[in-house]
Structures are given as structure tokens and as C-alpha cells.
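The block underneath contains the structure these notes are about, expressed in C-alpha cells.
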Amino acid sequence: MFEQFLDTILKADFLFSIIRITAPILFAALGAVVAEKAGVVNIGLEGIMSISALFGVLFSYWTQSWLVGVLGALVVGVLLGLLIGFFALKLKTDIILAGIAVNMIGGGGTIFLLYMFTGMRGNTGALVSQNILIPTINIPLIKSIPILGESISGHSVLTYLAFILVFLIAGLLYKTSLGLNIRAVGENDQAAQSVGISVLRIKYIAIGISGALAGLGGAFMSMYYSQGWNSGMIAGRGFIALAAQAMGRTEPIGTMLSSLLFGFAQALRTKVSGLQGVSSYLVSLIPYVFTIVGLVLYAISTTKKVHKYRQTQAEAVEA
Amino acid sequence: MENDNFIIQMKGISKVYPNGIAANRNVDFFVKEGEIHALMGENGAGKSTLMKILFGLEQPTEGEIIINGEEVSLTSPSDAISRGIGMVHQHFMLIPSLTVAENIVLGMAPIKKGILIDYKKAVQITEEVSQKYNLNVNPNAKVMDIPVGMKQKVEILKALVRGANILILDEPTAVLTTQETSELFKELIILKQLGYTIIFISHKLNEIKQITDRLTIMRGGKSMGVYETASTSEQEISRLMVGRDVILNVEKDKSQPTETVLKVRNLEYTNKWNKKMLDFLSFSVRQGEILGIAGVEGNGQRELVEMLFNLNTPDSGTITVNGVNIINLPQDKIRDNRVSLIPEDRMTYGIADAASIEENVISDRYTEKHFNNGPLFDMKMIHKESDKLIKNYAILCKSRKQQVKMLSGGNIQKVVVARELSSDPILIIADQPTRGIDVGSTEFIRNKLVHLSRAGAAVLLVSADLNEVMELSDSLIVLYGGKVVAYFDDTSALDDTVMGEYMLGLKHQSPEEIERVCHE
């Protein structure tokens, strides 16, 4: 059985599915990073993904263009992010509650919206046709390399975008003045305000970007991954993204690595559950066990680092 | 009025907060160009509010502000900055994870290629301004890694880079060492010579005398007038600040110590960074005396107090109160043994800041029978108790229902003191009991401690304020490196130069002399 297991995971298609499964988590996790850096907790990622996913399908169906669908999902994501911002920053509700409200709309409101717009119940099966799904790209040269080519070529446009965004977001946060302002606001908003930065504006921008990224994650889910929208399709990815952001220490690269870890765990679950003689209940635990083990390892390494830092500080004081 | 000489004119400023508290009442505040002007007053006198208004952080309810002869409305710090006003806050407004250069250009970062930050340019700006004003900072260091004195320089540079020609410094020396303070004063003099106007908020008389040209004194939200520093005496200033002549010396008769209450023997503690903080520490405190602990901060005082109230556990040694071992005893049981603590960090250990005065003062006694009616509180009794304490301890507040965090520093400390001293303690641990509070409250608290010790309580006073510890204590020990290095059974003849030598570890007494503090 073990050999059978090794055979399964040592194949190019396993690596391919890790990347595919990671992408939507990564979009949302990057959204969580940007919001968190500005000191805003966007717990509504799950709901934003679900609603954007629905609108992605609807826009692409109405215009028969996948690109308009993706852009529509992005805009809806931005609007929902700003909506959370409006409630939390302007009307001073608790931002966690605002996020939960969006998540609930994502669960129940979407079904209503779908019925209102199309008369369909529960899913968009009949709306989707091949030409309005996000296209895939074969990378010239690389695709002919054995194993590597099979696993990293042939993904959707959005999959590549997710990984490119890791570096764009890192550049945004660390190389631009907007990023500097975002980090300043998140760390000490009074200090930022005292030098004339509009804290409110920066927070709106950050949560807007966060919503845009979650919106792309939603579009990825309905217009590529599941090839259509159905209720419950996001299945906790928005929350896993928050875990990935925490585990990645709210840094873009770290968050990409932790998202890949979750992608790996999900892919492993899919593969192992196909094997004979393994309890499917046990297998479905894999991603969650990974989450817990990952967070424990993260906590241990942080504690050690803090300890070491303090020791060097204490030595410096004595010296 | 002839006002071309005034760079700032704040006329008839009033500020009433939505909760009804009037922080400023018809205040006039005029500052001349190129002077160092002190703004003085006790905690809660309204200095900070007035400065927040000048920096655009608060809007006045009434009054007008004229800067450089032009009437202005300052609705945000950016408005104030654009008028040439810069503020160095008491709690630094810096981003710890960013570098010095990034902090200095924050909100106005130089840009290259359209969107990217030009970090080299930021470093260059920092170096230029740092040289120009002779304020040395390391542009590439992260703010979290630099010492407090340098953080303050960064704050001053931040204001100067933004074109400030009026600097507001809010109690700038509160966080500085003596050496850093004299360095700061030199820098401020240079800035004054360059034509900058400086507003210096403080309640330290000697500093004000040393550096300022004129001073405005505030009391109870009102201005008590403007004075030339050179021609105003310290007694005059303190009279204007508190409205009566402050008795700087506490009046107390000679102590007559009786039974030993607190016995600390061979206490040892090594902290988690492997530094020995308490090294075979032994001493006793007797009924009827105030034993002071002097020492430069960081020589084991904090650890000792933590051990005395079971906030930390020693590696070895014993602590007994009237024969009862209190190591590892829960705090309520320690209190059952009639021990009280006035903690150093009053906002964390002394009070619950969002709770009312009433809730805070009964927090150690709400389980007592006479405050309860079966499962419910007897609110009548509780109101009676809290009103009594508010009156006896002269807590300045609107009512017993007021949130403690709305009070001034001195009144917050009075809430702590009211609770701790009214529980009939046999041992009072007073850790920095008057730090950062106004003269009036300080005097009140000191007198209370003397009064209780004469009535039979044992008082252990820990204070970084050498005057306080020397004036208030009957006998005194000096801590250095976690050890008692000197014991004086009579403080009246002590001289602060000698104290300094013990505190800095230049001298220590013989073991026999030190052992006398155990009274065995």
C-alpha cells in the first residue's frame, strides 16, 4: 500500500494539483496580508470569494467574455471590501462582525441573488460553457521538460497571476510609499496620523485591495477550478487563507510557502482518499492536522527566536 | 495689543469634552518668536489639551488661534504642520519596525520612477538634516533597536524636516537619563539660536529654570498668567501651580519601631536572561517605621516587589509576614494577611481603567459580608463605602461612577491609594508611589504613608526619586546588583553625595553593618 502511495505522489500530476489547489488560497491569503499590514482584520474573505465567484460566472455569461467575468469579480471584491470598511471605519461597528455579515451573505445571499438573476437554484450548471472559462496557457520551452513541464505548464492564466502577485504585493508593501504608509498605519496609526497620513484613507485602500485579491480567488474557483458556481464551493478557503497569512508571518513570501503547505495537504487528501484500505474519514483530517502541526511549529520557532533575541539584548546590555 | 512679536496667539481657548469635562477654560497662551517658553502645571491642569488643540488633534469649543498674525483653523495635524508647527509627543510617534530614515520621511517619502520609494534619497535627507542641526542619528538603524535618547532626536528631526519652526516638546525629559537630558538642552539652545521657537511642557522646576525664557502656568484648566523665568522664584512657581505653598519637606515625628512584620531572608532570583537580579537579599521591616529602598533602577527593586506580592517566584529564600510564609500564596490570601501594594505600574496592576472609581475601590473587598445581601450586592453599602473613600482621599471626580481612565494621573493614583490604604494594612508596599503625579497628590500620598506608619503599619517604600526616599524614610537600605550594600538606621543626617556613591556601587558597608537591617 505504501508503494502505491509513493507512486501516486511522486508523479507530475500531483505537483500540478498542488499548484492548482494552492492558487485560490494564495489569492485570499495575500488579501489577508495586505489588510493585516494596515491593521485591519478582513475576516470576510470567505464571503467575498463566494459572492465574487457568483458574479464572475454571471458577468462572463452576460458578456460571453471570461475577462469581463474576472474583472467583474474583482470589482465586486473591491466593493465588498469597501463595504466592510464602511461599516467598520465609518459606522464603527466591530470589524469582525462586519466580516461575519459578509460571510453570511456569501452563504445565503448568493443563492437568492442567483435565483433573482437567473431563476436557477443552488448552482449555475447550465450557464457555463467552455468559452467563458478562464483559459489555460502552455508555456513554450518549459512544457517540454519532463515532469517539471507537466506540472508547471498548462495552468490557467489566474494561477500564474496568483504567484506573480506574491512578488507584486511584496513590492507594493516594501518599495512604494503606499506600502510604507500601509505598514505605518498598521503598526502605529497615531504616529502615521501625526505626520499627516490619512489613516482612514489608507485603511480603505488596504481593505479594497484585500477585497480585490479575494475577488480574484473567487473568480478562480467558479470560472476554472469548479467550472461553475455552486453554494458552499469556497468550503473554508477564506479561513484557511487567514491561517496561511498568520503562519506566513504576514509576509508575502512566507504566506506563499504556507499556502503551498495547505495546497499540499489538500492535494494529499485527494490522492490518499483514492487508495484502497484507507479510511476516508481519517484522510479528510489531513489538511486540519497540517494546520495544527504547522501552527505549533510556527509558535515554537517564534518563541525560540524571541528568547534568542532577548538573550543577545541582555548580553549587549551587560557588555 | 501689540502683537507683531508673537508667533502664536491662542485667545480665549475653551475645550469642553462631550462627557462634560472642561479641560480648558478661557485660556490665553502667547508665545514670542525665538523663545523657549515653558507650559507648566500639575497633571490634569489642561496643558496637554491646549497643545493638542495647537497641533490640530483636538478642536477648541471656543476661542481663536493666530499664527504669524493670521487667524487659522487647525482641524488636523497636517494643518498644523503646514503652519510650521511640529510636536514631539511624550509617547513617541514612531514606527518601531521601520528604519530611522523611513520614519523621518514617513508621509512625504521621496519617489523615483513614478511609484517606488527612493530610499537612498531618504537616507540623504536624514543625514543632511541631522548634520545641519547637530542631532546625530543612524539613518539605517531600525527604530526598535535605538536608545530612547536617539528616538527623541528622530522625533525632533521629523518635525524639522517638515518645515517646523515652532516645536512643541511634551515632557521631553521624562524618559531621559541625566546625561541625555543635558545633551537635549544643548541641542535645544542651538535650535533657539537658529531662530526656532520652542514650547517646553514640564513640571520639573529645575529644568524650567535652566532652559526657558518665559513660562505660562496652568491650573484647573485655566491660565495662571505668563512670567519671565529669570525673575520668578521656584517657590512662586509652585505656589501658582498648586495654589498654596507646597511643603516640600514631609513633617514627621521620630519613628518608634516595634515588632518585625516583614522578614525577607536570603532571597535569590536569576531572570530568564541568566542575570542574577536578587543575590542573597535579607532585610526586615518593623511596625511603625518606613524602610526606604534606594538604588538606581534595575538593581533588583522590581523583582523584589514582584516576589513580595507573588507576581514572581524566587529561586530560593524565604519571605514571611508576621510569621506566615507568603511565597506562592495567592494574592487574595496575601491580602488576608493585611498586606497592601501600591504598584509601580498603576495602569496595569493598580486599576481596571474602564471600570468606575467605585468598582475599583471595592475590588479587594466586594466579597465581604456587609457588602452583600445574599447573592446580590448591597449597593447602598457599596455606595457609602466608595463615597467615603472619594471624600477621605480627596479624589477629584464627577461621581463615583466615573471611569478611572478619565481621571488625571494623580487622581488615578489616589484611587489606588484609597483602596490599598483603607484596608487596615499591617504591611504597605509602596513602589514609586508618587511617580509622574502632581505636587498636590504627591504631598497627600506621602502624608498618608507617614500617618499610617505612625499608627503602627510597616511601610516598605521603593522609589527612584532620591529626595522622596531620603525625606520619607525612617531608615534606608541601598540596593546594588541585587544586594543590600548599605543600611542607615537614621536618614536625617544622610547626604546625597554619599548615597550616590553607594548607589553606583563605588562603596559598600561591611557585612556586620548591613546585617543590622535584619534586627535579630
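The values are calculated or read from the model by the stated rules, or taken from the named source; none is laboratory data. Keep in mind that this is a model prediction, so the values were computed, not measured. Positions of Cβ are generated from backbone atoms using ideal geometry, with glycine treated the same way; all protein chains shown enter the neighbour counts. These area figures cover heavy atoms from the full protein model, side chains too; ligands, DNA and RNA do not enter into them. Shrake-Rupley method; radii C 1.70, N 1.55, O 1.52, S 1.80 Å.
Report the label-to-label distance for residue A:104 and residue A:139 in nanometres (one decimal), using points 7 Å from each Cα along the Cα→Cβ vector.
Calculated label separation equals 4.4 nm.
So how far, in whole Å, is the C-alpha centre of region A:120-176 from the one of region B:368-442?
Between the Cα centres of region A:120-176 and region B:368-442 lies a distance of 65 Å.
In chain A, which whole DSSP H runs stretch at least 24 Å along their own axis (Cα) and average 1.6 or higher on the Kyte-Doolittle scale?
For chain A, where a helix must reach 24 Å along its axis and average at least 1.6, the hits are A:66-85, A:157-175.
Relative to the longest principal Cα axis of chain B, at what angle does helix B:379-392 sit, 0 to 90 degrees, rounded to 10?
It is inclined by approximately 70 degrees.
When only the heavy atoms of the protein chains count and the probe is 1.4 Å, how do A:80, B:460 rank by accessible area, highest first?
A:80, B:460
Does anyone have the angle between helix B:148-161 and the longest principal axis of chain B? Alpha-carbon axes, 0 to 90°, nearest 10?
Long axis of B:148-161 versus the principal axis of chain B: about 20 degrees.
Give me the one-decimal nm value for the distance between modelled label points at residue B:182 and residue A:96, 7 Å along each residue's Cα-to-Cβ direction.
5.2
Amide H neighbours of residue B:39 under 5 Å, counting only residues 5+ apart in sequence or on other chains, H built in-plane at 1.01 Å?
Result for residue B:39 returns B:200, B:201, B:202, B:216.
What does the helix-only formula give at 222 nm for chain A: each DSSP H stretch with n ≥ 4 adding -39500 (n - 2.57), the total divided by the residues, and the result rounded to the nearest 500 deg cm²/dmol?
Taking each H run of at least 4 residues, the total per residue is -23000 deg cm²/dmol.
Kindly state, to the nearest 0.05, the FRET efficiency for residue B:271 paired with residue B:497, given R0 = 35 Å and r defined as their beta-carbon distance.
In this case the efficiency is close to 0.65.
Under 8 Å for C-alpha pairs, at least 6 residues apart: give me the relative contact order for region A:11-238, rounded to a whole percent.
Reported relative contact order: 42 percent.
Give the angle, between 0 and 90 degrees and rounded to the nearest 10, that separates the Cα long axis of helix B:409-421 from the longest principal axis of the Cα atoms of chain B.
10
Can you order the peptides B:429-439, A:139-149, A:20-30 by their average number of other Cβ atoms within 10 Å per residue, highest first?
A:20-30, B:429-439, A:139-149
Please report the accessible area of residue B:223 (heavy atoms, 1.4 Å probe, ligands and nucleic acids excluded) in Å², nearest 10.
Ignoring ligands and nucleic acids, residue B:223 comes out at about 40 Å².
Summing -39500 (n - 2.57) over the DSSP H runs of n ≥ 4 in chain B and dividing by its residue number, what mean residue ellipticity at 222 nm do you reach, to the nearest 500 deg cm²/dmol?
The helix-only estimate for chain B comes to -9000 deg cm²/dmol at 222 nm.
Taking each residue in A:193-202, count the Cβ atoms of any other chain within 10 Å of its Cβ, then average. What number comes out?
6
Per-residue accessible area for residue B:345 at 1.4 Å probe radius, Å² rounded to 10?
Counting only protein heavy atoms, the figure is 70 Å².
5 Å is the cut-off here: which amide hydrogens, built 1.01 Å from N in the peptide plane, fall below it relative to residue B:292, excluding neighbours closer than 5 in sequence?
Excluding prolines and chain starts, which carry no amide H, the hits are B:461, B:474, B:475, B:476, B:477.
Taking beta carbons within 10 Å but only from partner chains, what does the mean come to for residues A:178-190?
4
Within a 10 angstrom radius of each residue's Cβ in A:282-290, how many Cβ atoms of other chains show up on average? Whole number is fine.
Other-chain Cβ atoms within 10 Å of each residue's Cβ, averaged: 0.
So how far apart, in nm, are the two label points at residue A:4 and residue B:115 if each is 7 Å from Cα heading toward Cβ?
Between residue A:4 and residue B:115, the simple spin-label model gives 5.1 nm.
If I take R0 = 45 Å and measure r between the Cβ atoms of residue B:142 and residue B:209 in this structure, what FRET efficiency does the formula 1/(1 + (r/R0)^6) give, to the nearest 0.05?
FRET efficiency, residue B:142 to residue B:209: 0.75.
Taking the Cα centre of each part, how many Å lie between region B:155-207 and region B:86-127?
Here the two parts' Cα centres lie 20 Å apart.
Can you work out the FRET efficiency for the pair residue A:200 and residue B:124, with r the C-beta to C-beta distance and R0 = 45 Å, to the nearest 0.05?
Once the sixth-power term is evaluated, E becomes 0.90.
Packing-wise, with mean Cβ within 10 Å as the measure, how do B:83-91, B:55-63, B:322-330 rank, highest first?
B:83-91, B:55-63, B:322-330
Can you give the accessible area buried between chains A and B, summed over both chains, with a 1.4 Å probe, in Å² to the nearest 100?
The A and B chains share an interface burying roughly 2100 Å².
Over the alpha-carbon set of region A:11-238, divide Rg by the Kirkwood Rh and report the Rg/Rh ratio to two decimals.
1.01
Residues with amide H under 5 Å of residue B:14's amide H, sequence separation 5 or more or different chain, H placed in the peptide plane at 1.01 Å from N; which?
B:26, B:27, B:61, B:62, B:63
If you count only protein heavy atoms and use a 1.4 Å probe, how large is the accessible surface of residue B:311, to the nearest 10 Å²?
80
Any idea what the dipole of the protein assembly as shown comes to, in debye rounded to 20, about its Cα centre with Lys/Arg Cβ at +1 and Asp/Glu Cβ at -1?
2900
Take the alpha-carbon centre of region B:279-299, take the same for region A:28-97, and report the distance between them in whole Å.
Centre-to-centre (Cα) distance: 61 Å.
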